[in-house]
1. Within region 132-154, how many residues turn out to be in contact with a helix residue (DSSP H, G or I) (Cβ under 8 Å, 6 or more places away or on another chain), part of a strand (DSSP E or B) and closer than 17 Å to residue 240 by Cα?
2. Which of the residues spanning region 244-284 are under 38 Å from the mean Cα position of the chain (by Cα), exposed (fewer than 14 other Cβ atoms within 10 Å of the Cβ) and within 16 Å of residue 115 (Cβ to Cβ)?
3. Of everything in region 106-122 that's surrounded by fewer than 19 Cβ atoms within 10 Å (Cβ to Cβ) and modelled with pLDDT of 50 or more, which residue is farthest from residue 203 (Cα to Cα)?
4. For residue 126, all conditions in the list (1) exposed (fewer than 14 other Cβ atoms within 10 Å of the Cβ); (2) assigned to a helix (DSSP H, G or I); (3) modelled with pLDDT of 95 or more hold save one; what is the number of the exception?
5. May I ask you to list the residues in region 243-267 that are closer than 26 Å to residue 148 by Cα, in contact with a strand residue (DSSP E or B) (Cβ under 6 Å, 6 or more places away or on another chain) and not in a strand (DSSP E or B)?
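The values are calculated or read from the model by the stated rules, or taken from the named source; none is laboratory data. Note that the structure is a prediction, hence the values are computed from the model and not measured. Virtual Cβ from ideal backbone geometry, glycine too; neighbours counted across all protein chains shown.
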């Protein structure tokens, strides 16, 4: 009886022992899966292989991490771009304030007599010689610039034209004569200036002249500018103060308006100057 039981146990356990022995020595009973891990566990009387697949969350996590790295890179690039833009804006604003500060200092130290109020002679875009006496009795807005200016001068002249049109449409206030004086006589001939001024308003009168004539009016209105280097095509830019000058009907200086003063602000300030001038005139 014991022999029969031993034989039965032997017939069932021997294959199991051989299988375990092969796994211990590195010989697997089952083929190894290339991407999966194998775990052996006892389930009652037989061995069951459990395949542990890579969780989907790990795959998603890896993809998210990769995408996250790209997002971080884009965020850093945008941040650097923003910092550079802010730095450029601050430097440009500081440069404009420096130029305006010089002009304001000259105005305060020299008085209104030294800003405007002196005779000048130039040639308009029709080839007619003009002097300061031709504009006595009118409110005049001077702007000094050049026709090859890429953006600033067109923006300022467009603002100036709208301000002038706003006054010309009102019956309770006098009209304003806008004048564009070039600081680039070599390229801004009367023909060039005439075409340029028509792009803004028909009332805008362009003025040019000899280097000596332009130097005289430039000193009268304290105009600061510097010519940049000439490129291979012969083009160059001119760095200059962005300011419009208001002149009273008697030819004396009234006020100035830098770039930061918008259209609405210019209209309000010019109206104040006009009413102030009328009050002073009535007192006299």
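1. Quick first cut of region 132-154, residues in contact with a helix residue (DSSP H, G or I) (Cβ under 8 Å, 6 or more places away or on another chain) only: 139, 141, 143-147.
Now narrow it down to the ones that are part of a strand (DSSP E or B): 139, 141, 143-145.
Keeping just the survivors that are closer than 17 Å to residue 240 by Cα gives 143-145.
Residues meeting the conditions: 3.
2. Within region 244-284, 252 is the sole residue that qualifies.
3. For region 106-122, the residue satisfying everything is 114.
4. (2)
5. Scanning region 243-267 gives a single hit, 266.
Here is a yes/no grid of residues against (1) in contact (Cβ under 8 Å) with a residue 12 or more places away in the chain; (2) on the phi > 0 side of the Ramachandran plot; (3) surrounded by fewer than 21 Cβ atoms within 10 Å (Cβ to Cβ); (4) not in a helix (DSSP H, G or I):
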{"residue": "185", "(1), (2), (3), (4)": "yes, no, yes, yes"}
{"residue": "191", "(1), (2), (3), (4)": "yes, no, yes, no"}
{"residue": "195", "(1), (2), (3), (4)": "no, no, yes, no"}
{"residue": "207", "(1), (2), (3), (4)": "yes, no, no, yes"}
{"residue": "214", "(1), (2), (3), (4)": "yes, no, no, no"}
